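J.: Pasting a structure below so you can have a look.
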Number of protein chains: 2
Amino acid sequence: MSSPNTGAWREFGPRSLPVPLEAALLCFAEHGYHGTSVREIAARAKLSVPGLYHHYPSKQSLLQGLLDLTMNELLQRSEQALAEAGPAPVDQLDAVVESLLRFHMSRREQAFVASTETRSIEDGYRDTYIGYRDRQQHMVDGIIAAGVGTGDFTAADPKAVGRAITTMCVGVSTWYNADGASSPDEIVEQNVGFARAIVGYRA
Amino acid sequence: MSSPNTGAWREFGPRSLPVPLEAALLCFAEHGYHGTSVREIAARAKLSVPGLYHHYPSKQSLLQGLLDLTMNELLQRSEQALAEAGPAPVDQLDAVVESLLRFHMSRREQAFVASTETRSIEDGYRDTYIGYRDRQQHMVDGIIAAGVGTGDFTAADPKAVGRAITTMCVGVSTWYNADGASSPDEIVEQNVGFARAIVGYRA
């Protein structure tokens with residue numbers, strides 16, 4: 001039975017980040033973490049520096065807050081997509097690939113800052129962040145392993161396949177253009193097809 | 001007849017950038033373009049600031065010099081790989097994919113700075129840089145179009161295929177680890193196979 005929320009993982013409104021995180025995102029995307037001061041973030045957020053520090057006591061806490069919301073949104077959408085997909089490995093693959101693609105087209109700035117500023121994460125948070133990424137990768141890897149197990153997929157090296165598919169999906173954020181010739185639906189259809197080809201899906 | 005230089009596009013020694021560009025690369029990779037001062041680059045290069053400015057009159061000229069050498073090396077290697085590959089579309093595809101993969105494993109730091117600091121390129125150089133990237137993409141697209149023309153490749157949308165393959169190859173720089181479980185040769189073999197699957201190669 002489909003709930004009223006079915007397919008919500010496909011729908012993206014504008015970002016709804018807390019004001020300080022939205023300001024930090026725009027600053028980091030423009031000038032990078034090290035090229036941005038807390039003063040600049042406060043000005044962009046229309047907050048005083050003490051007002052900003054009240055909720056986020058450091059530039060690092062802004063980066064971590066931003067990455068936390070970003071990775072949680074990514075994982076929640078992927079997990080919802082997977083939960084709605086049914087048991088066939090190919091349907092699960094399609095769902096998670098579609099979810100990764102739509103996220104990386106709709107949340108390009110966040111994907112850019114996450115990939116460029118991994119270097120700027122301080123040690124205490126690094127494991128948490130890598131844990132988020134691993135969870136997403138394991139979701140993809142688990143589907144591929146299951147499909148190889150049932151004989152639906154013929155991939156010789158499931159781990160290499162999982163990495164290539166994730167790389168292709170995440171990388172859409174580096175070239176997707178909302179004004180470009182291809183619509184998100186077309187890009188999803190094409191790349192879901194490529195993912196099926198890479199896993200060696202036998203229809 | 002094979003020249004003594006055959007296969008040189010496969011071989012990567014350590015970087016041999018001019019000293020100021022090597023210093024700029026390390027600084028930009030660590031702290032980003034906007035997070036780096038010319039003074040820091042000079043210190044890393046063991047040069048005085050005026051000594052650095054003598055050859056590179058601005059931080060922007062260091063970025064442009066670095067991107068120029070990077071893109072020229074990438075293109076020269078791809079063009080040599082293509083020239084040595086013979087006429088069959090699948091051999092040309094294998095060669096250019098291998099060249100892209102090896103470059104992005106061996107020149108990770110440069111690939112990272114190029115992808116993250118495209119935002120920092122000033123207007124006068126932007127078209128030059130985009131021209132380099134277009135030349136690389138057109139090389140891939142041309143091979144795919146030729147293979148679709150001969151019937152070797154069954155891709156329905158050659159342009160989408162070219163983009164996906166380039167994204168997968170360039171993205172290897174985001175996860176490749178010289179100490180990881182897979183060797184460069186294994187990664188090449190796997191991803192050449194994925195590229196063939198994506199173009200719908202019929203052996």
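J.: Please identify the DSSP H helices in chain A that span no less than 20 Å along the helix axis (Cα) and have a mean Kyte-Doolittle hydropathy of 0.0 or more.
T.: Passing helices, by number: A:89-106, A:158-175, A:184-199.
J.: Report the one residue of B:T174, B:T150, B:T118 whose Cα lies farthest in the direction of the positive end of the charge dipole of segment B:58-203 (charges on C-beta: Lys and Arg +1, Asp and Glu -1; origin at the Cα centre).
T.: With unit charges placed on the Cβ atoms, the residue in question is B:T118.
J.: Work out the length of the dipole vector of chain A about its Cα centre, built from +1 on the beta-carbon of each Lys and Arg and -1 on the beta-carbon of each Asp and Glu, and round it to the nearest 20 debye.
T.: With Lys and Arg at +1 and Asp and Glu at -1, about 420 debye.
J.: Once you order the gyration tensor axes a ≥ b ≥ c over the Cα atoms, which shape class does segment A:98-203 get: rounded for a/c under 1.5, otherwise prolate or oblate by comparing a/b with b/c?
T.: Oblate, since a/c reaches 1.5 and b/c is not below a/b.
J.: Estimate for me the total accessible surface buried between chains B and A (protein heavy atoms, probe 1.4 Å, no ligands or nucleic acids), in Å² to the nearest 100.
T.: Protein heavy atoms only, the B-A interface buries about 2200 Å².
J.: Could you check the simple spin-label distance between B:D157 and A:T154, using points 7 Å along Cα→Cβ, in nm with one decimal?
T.: It works out to 2.5 nm between the two label points.
J.: Also, I was wondering about something else. Treating the beta-carbon of each Lys and Arg as +1 and of each Asp and Glu as -1, no other charges, what is the dipole magnitude of the protein assembly as shown about its Cα centre, to the nearest 20 debye?
T.: In debye, rounded to 20, the protein assembly as shown gives about 800.
J.: Note the distances from A:D179 to each other copy's matching label point, with points 7 Å along the Cα-to-beta-carbon direction, in nm, sorted shortest first.
T.: 4.6
J.: Would you mind classifying chain B by shape? Square roots of the alpha carbon gyration tensor eigenvalues, ordered a ≥ b ≥ c; an a/c under 1.5 is rounded, otherwise it is prolate if a/b is larger than b/c and oblate if not.
T.: Prolate, because a/c is 1.5 or more and a/b exceeds b/c.
J.: Right, something else. Report the residues of segment B:80-109 in range of a label on B:T6: point 7 Å along Cα→C-beta, backbone N strictly under 12 Å from it.
T.: Residues B:84-86 fall inside that zone.
J.: A:T128: net charge of surrounding residues, Cβ under 14 Å, Lys/Arg +1, Asp/Glu -1, itself excluded?
T.: That sum, taken over residues with Cβ under 14 Å, equals -2.
J.: Ratio of segment A:1-119's C-alpha Rg to 2.2 N^0.38 Å, to two decimals?
T.: Here the Cα radius of gyration is 1.25 times the empirical estimate.
J.: Mind checking which of B:T128, B:Q76, B:S37 is farthest towards the positive end of segment B:1-148's charge dipole, using Cβ charges of +1 (Lys, Arg) and -1 (Asp, Glu) about the Cα centre?
T.: My answer, from the dipole projection, is B:S37.
J.: Moving to a separate point now. How much net charge surrounds A:A8 when only other residues with a Cβ under 13 Å from its Cβ are counted (Lys, Arg +1; Asp, Glu -1)? Numbers along the way, then the final one.
T.: On the way: positive: A:R10, A:R77, A:R102; negative: A:E11, A:E73, A:E79, A:E84.
Local net charge: -1.
J.: Moving to a separate point now. In terms of modelled amide H atoms, which long-range or inter-chain residues lie less than 5 Å from the amide H of A:Y201?
T.: The list, which skips near neighbours in sequence, is A:T154.
J.: Here's another thing I want to ask about it. List the lysines whose Cα lies under 20 Å from the Cα of A:K59, skipping any in the same chain that are fewer than 8 positions away.
T.: A:K46
J.: Say each of A:Q60 and A:Q76 gets a label point 7 Å from the Cα, pointing the same way as Cα to Cβ; how far apart are those two points in nm?
T.: 2.7
J.: Kirkwood Rh over Cα pairs of the protein assembly as shown into Stokes-Einstein at 4 °C, 1.567 mPa s: D in µm²/s?
T.: 57
J.: How many partner chain Cβ atoms sit within 10 Å of a residue's Cβ in peptide B:192-200, on average, as a whole number?
T.: Mean partner-chain Cβ count within 10 Å for B:192-200: 6.
The values are calculated or read from the model by the stated rules, or taken from the named source; none is laboratory data. All values reported here derive from a predicted model rather than from experimental measurement. Cβ coordinates were reconstructed from backbone atoms using ideal geometry, including for glycine residues, and neighbour counts include every protein chain displayed. Heavy atoms of the whole protein, side chains included, go into the accessibility calculation; ligands, DNA and RNA do not. Shrake-Rupley method; radii C 1.70, N 1.55, O 1.52, S 1.80 Å.
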